[in-house]
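Just so it is clear, none of the values below were taken in a lab; they were calculated from the coordinates. Note that the structure is a prediction, hence the values are computed from the model and not measured. In this analysis, Cβ positions are derived from the backbone assuming ideal geometry, glycine residues included, and neighbour counts consider all displayed protein chains.
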Amino acid sequence: MTARDPHPGVRSDANLSPALLLAALARAACHRADPSAPVPFSALLAHLDIPMRSAGAREARQLLTELEARGAVSRSRRHSVPLWALTSAGRRRLARTPRAAAALPDSPQHRAWRQARTTAALEIDRFRRRLRTSLADAAELLRTRPPAFSDQWFELAERLRSDCWMLGSASHCLHEWAEPDDRYADIDEGVPGRRNLRLWRDRPR
């Protein structure tokens, strides 16, 4: 797949159609680690790009109740959290409106991929400079006479680890993370956290 412009998203004041909501529910389930598991309301809203506390969220909740009454979706609970799933009737109904999926906004996993690529392109040169500085400091410590204290090495070790981790994370996001195919869940089985941009702010320096 090649990069594309994101869909504009479903506005919170838009009128949701049953087909669009069913398509969002189907995609939300597909993108979970277990596609057969029911979907929390928050995940459904994320696939509609609707804020939790909005008119659009209230409309979606009402429409879910109506679809449940018609047998198109089923509701369950886990730890007091309502969960939703398509029924066989809901899948048949969705199959009759194949264009509904194309009308969905960008998926959460695609938005995450796009943001990571954009941010990595902006930050990777800074991460390279940080690592060069740390490597230069390491070379200077090696030349120190008398030898550097152990505390200096341990401090530098933390800096090097942080700098290498951030550069590796940015390199992965920019060059190695393939654009997600929305037919499947985009699950990273590599180094834990390497796609988490929040960790770039939290790494010690």
Within a Gaussian network of the chain (alpha carbon springs, distance under 10 Å), most fluctuating of Leu67, Leu135, Leu44: Leu135
Of Leu44, Gly168, Leu142, farthest towards positive along the dipole that unit charges on Lys, Arg, Asp, Glu beta carbons give the chain: Leu44
Zero-based 5 Å bins, Cα pair distances in segment 108-202, whole percents: 2, 13, 20, 19, 13, 10, 8, 6, 4, 2, 1, 0, 0
Nearest 10 degrees, 0 to 90: helix 150-171 Cα axis against the chain principal axis: 40
Residues His79, His175, His110, sorted so that the one with the fewest Cβ neighbours within 10 Å comes first: His79, His175, His110
Between 0 and 90°, nearest 10: helix 18-30 axis offset from the chain longest Cα axis: 40
Order of Thr119, Thr65 under a 10 Å beta carbon neighbour criterion, fewest first: Thr65, Thr119
Given (i) 47, 17, 14; (ii) 34, 18, 15; (iii) 25, 22, 18, the label whose value is semi-axes √(5λ) of the Cα gyration tensor in Å derived from this model: (i)
The chain, relative contact order in percent, only Cα pairs under 8 angstrom and at least six apart counted: 25
Centre separation in Å (Cα based) which lies between segment 106-135 and segment 183-197: 15
Three-way shape label, segment 18-103, alpha-carbon gyration tensor, a/c 1.5: rounded
Nitroxide proxy distance, nm - points 7 Å out along Cα→Cβ at Trp153 and Arg201: 3.6
